[in-house]
Structure formats: C-alpha cells, structure tokens
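Contents: one structure, followed by commentary.
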Amino acid sequence: MEEIEEYRKWLEKFKLRRNPFTLEINPDLFVGYREQISKLLKNIEQRQKLILLSGPTGSGKTTIISYLTRKSKDFIYLSKPPREIADLLDLADYFIRDLGFLRKIFLKKPKKINDLPEFLNKIIKKPKVLFIDETHEASVEVLEWIRVLVDHVRNLTIVFSALPVFEEILTEKLETLKKRITEKIELNALTREEVEELIRKRITYAGGEDIKPFTYNIVDYIYNRTGGFPRDVILLCNRLLNLGAEKNLEFIGVNVLDKEEKPKENLKIENLKELPEKQRLLINIIAEKEPVTPNEMVKHFKEYPSEKHALRAINNLLGRLIKQGYVEREKIGKTYAYKLTPYTRTILIKA
C-alpha cells in the first residue's frame, strides 16, 4: 500500500489523476489518420458496398472504428466476425433495434440463412454501415455468405477491418469477394508530430499539462523506437512513466535510457532483402500473425530430420534476428512469442 501511495503522489506532482497510458479504447483520445478517415467516409457517403480497412497490429484500426461508430447510430460495430454461418442470423438484431416497439414484437426474424437478405431488405430503409473487425479470422464459409449480403442487401455498406494478410487469404480462396472491394484504405503509422499529439492528448486528458513529465527529446526516442504505431507508443510511454515513478524523477528524458535498447536506425528494406533465405522466411511468418511461438513456426521448416532439430535451428535464427534488431520477444506463460520490432514493421509497410 505504501508503494501505491508513493506512486499516486508522484502522479499528483504532474497533476495526473491516473496513468494516461493504458490500452483502453477511448475515441476521445483518437489522433491522426485524417486522410484515411476522410477517404473512408467519402466511400461510405457514396454508398460503396464493400470497403477494406487494412493495417498491422497496433496501427489503430479498432480505435478508428470506435471513433466513427460513436458518431452515428447508423454505424454498427462487430468486434469479431461471426464464427459460423448460423451466427450470421444474429445480425438481424443489430438492425431492428431502432424499429418501433410494436413492430419489434410482431417481427419474425429469419431462421434460415437463405432468408436473411430478404429480411434485411425489409427492415433497412436508410443507409447503414456494418464494420466487422478482425475479419482475417473469419472462415471462408462465413465470408462467402457476407459476399451474398453485399450483393443482395440494399442500403448496406460493409467495412472489413483486417491485418494485411487478409488480402492474401482473399487472393488464395475468395477472389470473387476480393473483386467486390471498392476501396482499400491502409493504416501505416503516425508521424513524429502525431506521436507528440497522442502523448499530449493523453496526458492532458488525465489532468496533466502539455507532455509533462516527458521531455521533447524523449518524444523523439519514442517515435524512433516505435515507428509511430499507436499501440507501441502507448506501451513504451507506460513503461517510461513507470520508470520515472520508480526513480521519483522530475522529468523523463533520454537520461533514463541507459538500459533501453536503441532502435537500429540503419535498417533498410535493402538489408531485409540481403538476409539469408531462412531468416527472411521467419520474418514473413512473424509478420503474418504476430506474436508467434517457435512451435508455431516449425511447420514451415520440414527439411529437418525432426521437430527437435527444426526448433533448434529456428531458435538460432531468431537469436540472430534479435541481435540485428529485426525481431523482439515477449514472455507468454511459460514460453516466448516473437514479433517484429516496430522499426522492421515500418520498413515492411514502406517497402
């Protein structure tokens, strides 16, 4: 309890009511991506049928959707795609909530998936937008039926939010659905100025002033270290803030970075292309669905005599990639999972 009290007192020195850097989704703290939001809203206004919002983990897709859906009751948000085809029938509930009380009572919702398009056409009388987050997790069967809805339901725009790997899934398995995507909007990363704005906005929202206790040179470090990805910015700010509290610092500048690993700013796309084939393969595996454990990578290394030999080789390769600054790891339970460093992710996006 004494430690908690000391932590609170340290925050109070900077007029902070709480730690500003938590991973809660708060539309009030949204920063950046003005051009992408403008393009998205333009396509919605044009009543385009299918739009793709694409970006790597931590780029802010869910925050953007939360920001937009709060602005209009005609914007509907699904945090996950339906798991089974039958679960698509539950979509009806999202569209009948604005109907009158008596109409809801006597309304017969469809019990068969084949009846869903006709039902939606009866109840959707003005344009609606359905945002489906994490669409890359959807089964091919569910995506096929979403294609049917896109084709047959009037006044309905669907926005897929997904990792970049989703396009590969569509190319391999659902080319017909891919061809129906009118616009693809990509989220890359925030600029240096937007990272500073994100930090300032969160600090002032929690009661603080400007970017205190951070200094401007530590903001430069945060931007370079994270590549401008919002989630990574928040996580690093949280770590630095806690470090400042532990040391009872009057400000948090580059002086606290003695033990922090500096970003490898000499990394370029040319360096990635020059890596040995197996190291490039590992980077591609990790990029598709990070974080990934070595056991999940084994299936891609079938040339070894046993799984044990493959794991040993993978761990050696990962060790080299960590030293070179391409990959980092985090402990999940009793094992380690690997992900790209923000700097590597930025390089891949700009490639």
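For region 182-225, the set of residues classified as aliphatic (A, V, I, L, M), out of contact with any helix residue (DSSP H, G or I) (no Cβ under 8 Å at 6 or more places or on another chain) and assigned to a loop (DSSP other than H, G, I, E, B) consists of ALA206 only.
The residue list ILE113, ILE132 contains one member that is closer than 18 Å to GLU183 by Cα and surrounded by 13 or more Cβ atoms within 10 Å (Cβ to Cβ), which is ILE132. Taking every residue in region 184-204 that is within 14 Å of ASN224 (Cβ to Cβ) and pairing it with any residue that is assigned to a helix (DSSP H, G or I) and small (Gly, Ala, Ser), at least 6 positions away or on another chain, yields no pair with a Cβ-Cβ distance below 7 Å. Of all residues in region 58-82, those that are on the phi > 0 side of the Ramachandran plot have Cβ atoms under 9 Å from Cβ atoms of residues that are among the aliphatic types (A, V, I, L, M) and in a helix (DSSP H, G or I), 6 or more apart or on another chain, in GLY58/VAL233; GLY58/ILE234; GLY58/LEU235. Tally up the residues in region 131-181 that are assigned to a helix (DSSP H, G or I) and of a type in the set (A, V, I, L, M, F, W, C), please. Selection size over region 131-181: 13. Scanning region 221-228 for any residue that is in contact with an Asp or Glu (Cβ under 6 Å, 6 or more places away or on another chain) and either without any contact (Cβ under 8 Å) to a residue 40 or more places away in the chain or polar (S, T, N, Q) (or both) turns up at least one such residue. Being farther than 24 Å from ASN271 by Cα, of a type outside the set (Gly, Ala, Ser) and in contact with a helix residue (DSSP H, G or I) (Cβ under 9 Å, 6 or more places away or on another chain) is the filter here, so list the residues in region 300-342 that pass it. Across region 300-342, the qualifying residues are LYS302, GLU303, TYR304, GLU307, LEU311, THR335, TYR336.
Under the condition of being over 26 Å from ILE37 (Cβ atoms) and among the small types (Gly, Ala, Ser), which residue from region 189-223 is surrounded by the most Cβ atoms within 10 Å (Cβ to Cβ)? So the residue we want is GLY208. In this structure, is ARG17 surrounded by fewer than 19 Cβ atoms within 10 Å (Cβ to Cβ), under 30 Å from ALA206 (Cα atoms) and touching a helix residue (DSSP H, G or I) at 6+ places or on another chain (Cβ under 7 Å)? No: the conditions fail for ARG17. I'd like to check something: does region 303-314 contain any residue that is under 26 Å from GLY227 (Cβ atoms), in a helix (DSSP H, G or I) and not assigned by TED's automatic domain parsing to the domain that holds ASN224? There is at least one residue in region 303-314 that is under 26 Å from GLY227 (Cβ atoms), in a helix (DSSP H, G or I) and not assigned by TED's automatic domain parsing to the domain that holds ASN224.
The values are calculated or read from the model by the stated rules, or taken from the named source; none is laboratory data. Everything numeric in this text was worked out from a predicted model, so none of it was measured. Ideal geometry is used to build each Cβ from the backbone, glycine not excepted, and the neighbour counts take in all protein chains shown.
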